[in-house]
Amino acid sequence: MPLDTGTRLGPYEILAPLGAGGMGEVFRARDGRVDRIVAIKVLPQELFEDAERRARFEREARILASLNHPGIAVLYSFEEIPGASLVPPSASTLHILVMELLEGETLRAALGGAKLSTKRALDWARQMAHGLAAAHEKGVIHRDLKPENVFLTKDGRIKILDFGLAKLTQAEEGSSGTNLPTQTRGTEPGVVMGTLGYMSPEQVKGKPADARSDIFSFGAILYEMLSGQRAFHRETAAETISAILREDPPDLSTTNQNVPPGLERLVAHCLEKNPEQRFHSAHDLAFDLESVAGTSGAPIASVTLASRARPRLGAAFVLAGLAAAFAAGFVARGFRAAPPPPAFKRLTFRRGMVWTARFAPDGQTVVYGAGWEANPMEVYLTRPESPESRPLGIADASLFGVSPTGELAVMLHAHTSARSYERSGTLARVPLAGGSPRPIIEDVRYADWSPDGRELMVERIVAGKHRIEFPIGKVLYETTFRIESPRISPRGDLIAFFEAKGDFTVIRVVDLAGKSRTLVTLLDWWNLAWSPDGSEIIYAAPETGASAADVTSLQAVTLAGKSRLLLRFPGTLELHDVSRDGRILLGILRFEYQLVGLAAGAKDGRELSALDGSWLSGLSSDGKSILLT
């Protein structure tokens, strides 16, 4: 109903109209009780003709009012104003939503049909994602996320409007084309809610909407911010629905040359037709946006090196209680002849053991599993520009791999058999942002993701034999010899691995039909990875020869068995991963012997080492002096 300036709704005084639509009329008002300027939305009376519907509305409005996040416009209260309380009085009872009054413009107005800079789009998208995550934590789904429901305040903050109202109210009438909203009465399955052009496929089909539906709508908005075009814009409503269900929008690289590949993959991940293949939570989405935002500046020209110790004799000795220090950094990019001198960037600075490290999908962020300062294994994340690593909250876990879609494969509750190299645990999947791991299969020694991120390869011991399974349950290769470091090729058609045969080790590949062949024979192994194009296998191994015990060579071998030297390095060098642009993630393993003494009556040991490290050679008969080597 129209309200004139000066009309009083209980404690509220109407100051000016702000707008109107099918969801109600909005007014600027003053709350006389606290002298606060608010926005009041007067809701259509037909929403409250049914007592059960009114009770549901009141219940769900209270949940919406509990949301408290800087990225969400505040809903202060839902109130029923009797006609007698109106000034002038009225026969009608009004149902109103009292909301935060915002100064600025909607995202639709801010876009103006043009694309944003990548930096600005990322900034606004990150704010939106954090707002979505806060609401989803409370179990509140928006269901009608669109540029009209995203507000940009004058000080540059993003606020999501009308959170959850698509579930409570009836959408606007009278629009046409791709802006045409659908009817939103009820919340039961089979009732379509949302705005055409931004609805998820499951919403179009009338299926229940969950957090992943909001993520699809978010992806459509982010696509529009980056490209200046609507993701599913068509001439008619029917054609738009068909596009949402069956078509992908044009690649962002065709509409905006400045979009980083990681950001383009993120948008595509949001817009997956199958909700199971999207981000499973807005927290995961926000985390990936933060990662992409950190890499949207100038690319880093050097290659990455992280650290880990394998279950060899030396590493097992470290696990027995001695301290190992690991350096991490970037190594030279490219594998062409006569490459420039390698540049290194150290990533980790703590004492302990890094088991596995991988590049995240953005190619810059590094995820690794480590046990620092004799603590249990945990999964961490770091970036070249930061000296710090952030734990992801996945305790008692080490890393197997990171999928192209940003999902982790981790080893839970690792245990080691009588032979130290047979370390295995429970394979589980978990979002990159952390969360509750989902166990898949037990007693797995290695695992790797398929290039599309849908399947996992595993290596495990069954009936005394090492076997490679891909997908899980399909045996491609089985042997009585030890298998180490299996990795799937970028094309997904081959698996490369080490096979330890007594005094020597070979690199073998097996195809999806189970046919295998040997490429090269080595003295020992220090991990492998595929080159970005899948034409070579990069590996680190100790050099042969009596004087080369402390020299590691980084080499590449083609599928035809032709090897070439990439790098010679003093000490033990381990290869973890190769990025798509040719940077290499490496680990340097160094043992530092530490001597600790526990005096009578003391609770804690005291460092007794000298210089770089000491070994106990003797103890005096009175127990007061020690002899060090």
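The values are calculated or read from the model by the stated rules, or taken from the named source; none is laboratory data. This structure is a prediction, so every number in the text was calculated from the model and none was measured. Neighbour counts run over all protein chains shown; Cβ positions are idealised from the backbone, glycine included. Protein only, heavy atoms only, side chains kept; ligands, DNA and RNA dropped before computing areas. Shrake-Rupley method; radii C 1.70, N 1.55, O 1.52, S 1.80 Å.
Tabulated results
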{"item": "Distance between segment 346-388 and segment 28-99 - C-alpha centres, whole angstrom", "result": "50 Å"}
{"item": "Share of Cα-Cα pairs in segment 28-83 lying beyond 14 Å, as whole percent", "result": "65 percent"}
{"item": "Point-to-point label distance, Glu388-Arg33, nm (Cα→Cβ direction, 7 Å offset)", "result": "4.2 nm"}
{"item": "Local electrostatic count, Lys159, Cβ distance below 13 Å [Lys/Arg +1, Asp/Glu -1]", "result": "-4"}
{"item": "Per-q log10 I(q)/I(0), segment 421-556, q = 0.15, 0.18, 0.19 Å⁻¹ (Debye; single scatterer per alpha-carbon; no solvent)", "result": "-0.76, -1.05, -1.14"}
{"item": "For segment 504-568, alpha-carbon Rg relative to the globular expectation (2.2 N^0.38 Å, N residues)", "result": "1.15"}
{"item": "Extension reserve of the Arg59-Ser77 stretch, reckoned as 0.36 nm per residue once the Cα distance is removed", "result": "5.3 nm"}
{"item": "Compactness of segment 426-492 as Cα Rg over 2.2 N^0.38 Å, two decimals", "result": "1.14"}
{"item": "Orientation-averaged projected area, Cα convex hull of segment 3-46 (nm²)", "result": "3.0 nm²"}
{"item": "Per residue solvent-accessible surface (Å²) - segment 34-161, probe of 1.4 Å", "result": "45 Å²"}
{"item": "Å² per residue, accessible surface of segment 378-483 at 1.4 Å", "result": "42 Å²"}
{"item": "Portion, in percent, of the accessible area of segment 496-541 that falls on carbon or sulfur, probe 1.4 Å", "result": "51 percent"}
{"item": "Zero-based 5 Å bins, Cα pair distances in segment 493-629, whole percents", "result": "2, 9, 15, 16, 13, 9, 7, 7, 7, 7, 5, 3, 1, 0"}
{"item": "Calculated SAXS-style log₁₀ I(q)/I(0) at q = 0.15 Å⁻¹ - segment 1-137, Debye, Cα scatterers", "result": "-0.85"}
{"item": "Inter-label distance, nm, simple model (7 Å from Cα along the C-beta direction), Ser625/Asp396", "result": "4.8 nm"}
{"item": "Segment 1-77 - percent of accessible surface contributed by carbon and sulfur, probe 1.4 Å", "result": "50 percent"}
{"item": "Debye intensity ratio in log₁₀ form over the Cα atoms of segment 559-629, taken at each q of 0.24, 0.26, 0.29 Å⁻¹", "result": "-1.16, -1.24, -1.33"}
{"item": "For Ser92, solvent-accessible area (1.4 Å; no DNA, RNA or ligand), Å²", "result": "50 Å²"}
{"item": "Sorted peptide list for 151-159, 598-606, criterion being average Cβ within 10 angstrom, highest first", "result": "151-159, 598-606"}
{"item": "Mean Cβ neighbour count within 10 Å, used as a protection proxy, ranking 447-454, 196-203 highest first", "result": "196-203, 447-454"}
{"item": "Probe 1.4 Å, protein heavy atoms only - accessible area per residue of segment 503-590 in square angstrom", "result": "41 Å²"}
